[in-house]
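Novice: Take this structure, written in structure tokens, and hold onto it; I'll ask about it next.
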Amino acid sequence: MAIRLGDTAPDFTAQTTQGEISFHEWLGDSWGVLFSHPKDFTPVCTTELGYVASIKSEFDKRNVKVIGLSVDPVESHVEWEKDIEETQGTAVNFPMIGDPDRTVADLYDMIHPNANDTLTVRSVFVIGADKKVKLTITYPASTGRNFDEILRVIDSLQLTANKKVATPANWQYGGDVIIVPAVSNEEAKELFPDGWNEVKPYLRVTKQPA
Ligand code: BEZ
């Protein structure tokens, strides 16, 4: 069954390149990004994993743990990681789930049979500290993902969770934000002492809180 926003991220135990993990326990109090790629030793995936490894500190800064998955076994991931380091210049520094029996892929509906009946698509799940699914994205096999966009969404999600603001179209970190409709003007006066621009009663724009 498809996983929807707000669902609890299904828990599982799996073998990874960093040993066996129990997903929820491994997440602990962190946010998480679980992402799948179609197959080891393929070109687009090689660039994606190298790029994610190169920006791991950005995920760390946001208290987000990253974990990859494909339906290849862990031994294959380990061999492939040598190529990723050689060609992309960064060693893979996060765990990769080996899922040859597709347990996790099926749990997260990562195989879309009308696209390919055996390989996972490029799924992304962002999971909050409360273990709820905050974002799902599905890319086709031939299109590498924009991981800077995933960081941007995480920034937006964390601002909403911590500061009660939403982010407008094409928002970038540091840009103006929107006070969420659930916050009354009374509460907003406490939360945003520097005020806001009331474009409409439902569109209250303010500086991004620190
Ligand atoms: C790739 O990662 O390059 C790839 C994987 C499956 C199909 C097409 C491209």
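Yes/no per residue for (1) at pLDDT below 95; (2) surrounded by 20 or more Cβ atoms within 10 Å (Cβ to Cβ); (3) over 17 Å from Ile154 (Cβ atoms):
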residue: Ala2; (1), (2), (3): yes, no, yes
residue: Pro10; (1), (2), (3): no, no, yes
residue: Gln15; (1), (2), (3): no, no, yes
residue: Asp29; (1), (2), (3): no, no, no
residue: Val33; (1), (2), (3): no, yes, no
residue: Lys39; (1), (2), (3): no, no, yes
residue: Thr42; (1), (2), (3): no, no, yes
residue: Cys45; (1), (2), (3): no, yes, yes
residue: Val52; (1), (2), (3): no, yes, no
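Novice: Separate question: Contact list please: Cβ distance under 7 Å, first residue in the range 144-156 and within 16 Å of the ligand (Cβ to nearest atom), second residue outside any helix (DSSP H, G or I) and among the aromatic types (Phe, Trp, Tyr), pairs at least six apart or on different chains.
Specialist: Every condition considered, the pairs that remain are Arg145/Tyr139.
Novice: Filter the range 159-187 down to residues that are more than 19 Å from Ala210 (Cβ to Cβ) and small (Gly, Ala, Ser) and give me whichever is surrounded by the most Cβ atoms within 10 Å (Cβ to Cβ). Show your work before the answer.
Specialist: Taking the range 159-187 first, the residues more than 19 Å from Ala210 (Cβ to Cβ) are 169-170, 181-182, 184-186.
If we keep only those that are small (Gly, Ala, Ser) too, we end up with 169, 182, 184.
Working: Ala169: 4, Ala182: 7, Ser184: 9.
That would be Ser184.
Novice: Among the residues in the range 45-57, are any out of contact with any Gly (no Cβ under 8 Å at 6 or more places or on another chain) and among the acidic types (Asp, Glu)?
Specialist: no
Novice: Sticking with this one: Please give the number of the condition Asn116 fails out of (1) over 29 Å from Ser30 (Cβ atoms); (2) surrounded by 14 or more Cβ atoms within 10 Å (Cβ to Cβ); (3) touching a strand residue (DSSP E or B) at 6+ places or on another chain (Cβ under 6 Å).
Specialist: (3)
Novice: I've got another one for you. Which condition number in (1) at pLDDT 95 or above; (2) within 16 Å of the ligand (Cβ to nearest atom) is the one that Asn114 fails?
Specialist: Here Asn114 meets the rest and fails (1).
Novice: Does at least one position in the range 180-196 carry a residue that is over 30 Å from Asp11 (Cβ atoms), of a type in the set (S, T, N, Q), modelled with pLDDT of 95 or more and out of contact with any helix residue (DSSP H, G or I) (no Cβ under 6 Å at 6 or more places or on another chain)?
Specialist: Of the range 180-196, the ones over 30 Å from Asp11 (Cβ atoms) are 181, 183-196.
Subset that is of a type in the set (S, T, N, Q): 184-185.
When the remaining residues are screened for being modelled with pLDDT of 95 or more, the result is 184-185.
Retained after the next criterion (residues that are out of contact with any helix residue (DSSP H, G or I) (no Cβ under 6 Å at 6 or more places or on another chain)): 184-185.
Yes, there is a match, as at least one residue in the range 180-196 is over 30 Å from Asp11 (Cβ atoms), of a type in the set (S, T, N, Q), modelled with pLDDT of 95 or more and out of contact with any helix residue (DSSP H, G or I) (no Cβ under 6 Å at 6 or more places or on another chain).
Novice: Mind checking whether some residue in the range 131-139 is of a type in the set (A, V, I, L, M, F, W, C), surrounded by 16 or more Cβ atoms within 10 Å (Cβ to Cβ) and farther than 30 Å from Val66 by Cβ? Explain how you work it out, then say what you get.
Specialist: Pass one, the range 131-139, residues of a type in the set (A, V, I, L, M, F, W, C): 133, 135, 137.
Going one step further and asking which of them are surrounded by 16 or more Cβ atoms within 10 Å (Cβ to Cβ), we end up with 133, 135.
Pick out the ones that are also farther than 30 Å from Val66 by Cβ and you get none.
Checked against the condition, which is being of a type in the set (A, V, I, L, M, F, W, C), surrounded by 16 or more Cβ atoms within 10 Å (Cβ to Cβ) and farther than 30 Å from Val66 by Cβ, the range 131-139 yields no hits at all.
The values are calculated or read from the model by the stated rules, or taken from the named source; none is laboratory data. This is a predicted model, so every value here is computed, not measured. We place every Cβ from the backbone using ideal geometry, glycine too, and count neighbours over all the protein chains shown.
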